[in-house]
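Visitor: Structure provided below as structure tokens; questions to follow.
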Amino acid sequence: MTYDWQQEFAETFGEKVKFNVSMKDYTTFYAGGNAWGMVFPAGVEDIKEVSALCRKWKMDFLPIGHGSNILCTDSGYNGIIINLAKDYRGFRWEEREGRYVVRAEAGAALTQMIRVIGAEGIGGLEFACGIPGTMGGAVSGNAGAFGDSIMEHVSSLEILKKTGEVVCLDKGSMNYGYRYTELEKGAVVISAEMILDAVNPEEFNKSAERFIKERRMKQPSEPYTAGSIFKNPEGDSAGRLIDAAGLKGVSVGGAVVSMKHANFIVNCGNASARDILELINIMHDKVFAETGVSLEPEIKIIGKGL
Ligand code: EPU
């Protein structure tokens, strides 16, 4: 038998790698086919190693957190998923000149981290309470809500470049905006540093609860969704446009446009990625036909057969 990539990944990562992994189990949409492999790095060295082995074997790789903004096609992903949310999720903070510097590993759970630091009297990210997902995912797509976004609070990012080099990027040198952060192709966010302010923990709680309540009022609470499907077009709301196109409740297979917020698709339990993709096309095309607005997906669609 010839020595192959699978053998080398198994020897290098031992229990930290799994093969032929269903993306259903690693995305909040609960849909999609299998990835060739999934590595659960415990540190930067592991992440570097995955990227080096993928280069060596000429395989694609993709970092993920909680998979809360991803749809993988039913044909699966031909490559290695780097799952950062399991064992690369630490965060720490220190006081500096009356403010706080918080450094979070890419797999840190965003809402959980915000709550922990809030209880310690560190605030500023209350708006993001309730955003599912990890720090790496949040900075990669500049996640936001209620007029604020994560990159407003970030001071620098540590990035693993495609070449294998780890660099620290100052926010001032980066382009970012509504739901995007420009990163080099193939780059992996390793960690983010934020500068935050002192807050009274009681005030923090009140404000966090207010944001969570508002989110619950407007957005579906079913488990199998991936947040907003489309970005808001300039000056309007994708949800409003899809709603006005009469699409709430429309379904394809097990995928349905949420009755609560039209920019959300809910997987009622047995939707295939194909069902979800078909519904996304229907939403896009009907809004386009009625308004001339071409909505741009916010979720990341990955996998074969696109
Ligand atoms: N609207 C409708 N019908 C709907 C949904 C919304 O008419 O089904 C109307 C609302 O009445 C309101 C307007 O559209 O007048 C805007 O709705 P909403 O306040 O719910 O905000 P949004 O623009 O739909 C954005 C973000 C959310 C974020 C909320 C809260 C995007 C694509 N969406 O939603 O972010 O939580 O604001 O600030 O930017 C996400 O990015 O995944 C996400 C959930």
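Visitor: Do you know which of the residues in the range 97-123 that are open to solvent by 30 Å² or more (accessible area, probe 1.4 Å), over 20 Å from the mean Cα position of the chain (by Cα) and in contact (Cβ under 8 Å) with a residue 40 or more places away in the chain is farthest from I64 (Cα to Cα)?
Guide: G98
Visitor: Which one of the conditions (1) part of a helix (DSSP H, G or I); (2) at pLDDT below 95 does P223 fail to meet, given that it meets all the rest?
Guide: Among (1) part of a helix (DSSP H, G or I); (2) at pLDDT below 95, P223 violates only (1).
Visitor: Give A262, A238, A244 a once-over and let me know the one that is aliphatic (A, V, I, L, M), open to solvent by 20 Å² or more (accessible area, probe 1.4 Å) and within 8 Å of the ligand (Cβ to nearest atom).
Guide: It is A244.
Visitor: Only one of these conditions is not met by N232: (1) without any contact (Cβ under 8 Å) to a residue 24 or more places away in the chain; (2) part of a loop (DSSP other than H, G, I, E, B); (3) not acidic (D, E). Which number is it?
Guide: Unmet for N232, out of (1) without any contact (Cβ under 8 Å) to a residue 24 or more places away in the chain; (2) part of a loop (DSSP other than H, G, I, E, B); (3) not acidic (D, E): (1).
Visitor: Here is a follow-up. How many residues are out of contact with any strand residue (DSSP E or B) (no Cβ under 7 Å at 6 or more places or on another chain) and farther than 21 Å from A145 by Cβ when one looks only at the range 232-250?
Guide: Here the count works out to 3.
Visitor: Can you tell which of A198, A208, A187 is within 16 Å of the ligand (Cβ to nearest atom) and not polar (S, T, N, Q)?
Guide: So the residue among A198, A208, A187 that is within 16 Å of the ligand (Cβ to nearest atom) and not polar (S, T, N, Q) is A208.
Visitor: Within the range 216-235, restricting attention to residues that are near the ligand (Cβ under 6 Å from one of its atoms) and among the charged types (D, E, K, R), which residue is surrounded by the fewest Cβ atoms within 10 Å (Cβ to Cβ)?
Guide: Per the criteria, the residue is K218.
Visitor: Just checking, which of S140, S173, S191, S156 is within 21 Å of the chain's Cα centre (by Cα), open to solvent by 40 Å² or more (accessible area, probe 1.4 Å) and among the small types (G, A, S)?
Guide: One residue alone meets the criteria, S140.
Visitor: Can you tell me which residues in the range 174-208 are within 22 Å of I122 (Cα to Cα) and either in contact with a Gly (Cβ under 6 Å, 6 or more places away or on another chain) or without any contact (Cβ under 8 Å) to a residue 60 or more places away in the chain (or both)?
Guide: Once the filter is applied, which keeps residues that are within 22 Å of I122 (Cα to Cα) and either in contact with a Gly (Cβ under 6 Å, 6 or more places away or on another chain) or without any contact (Cβ under 8 Å) to a residue 60 or more places away in the chain (or both), the range 174-208 yields L196, D197, A198, V199, P201, E202, F204, K206.
Visitor: Give me the pairs, please: first residue somewhere in the range 60-84 and more than 16 Å from K24 (Cβ to Cβ) and in a strand (DSSP E or B), second residue anywhere and hydroxyl-bearing (S, T, Y) and open to solvent by 40 Å² or more (accessible area, probe 1.4 Å), beta-carbon distance under 9 Å, and either six or more positions apart or on two chains.
Guide: The qualifying pairs are P63/S140.
Visitor: Still on this model: What residue, among those in the range 265-305 that are outside any strand (DSSP E or B), polar (S, T, N, Q) and within 16 Å of the ligand (Cβ to nearest atom), is nearest to F61 (Cα to Cα)?
Guide: Per the stated criteria, the residue is S294.
The values are calculated or read from the model by the stated rules, or taken from the named source; none is laboratory data. Here the structure is a predicted model, which means the values were calculated and not measured. We place every Cβ from the backbone using ideal geometry, glycine too, and count neighbours over all the protein chains shown. Calculation scope for accessible area: heavy atoms of the full protein, side chains included, ligands and nucleic acids excluded. Shrake-Rupley method; radii C 1.70, N 1.55, O 1.52, S 1.80 Å.
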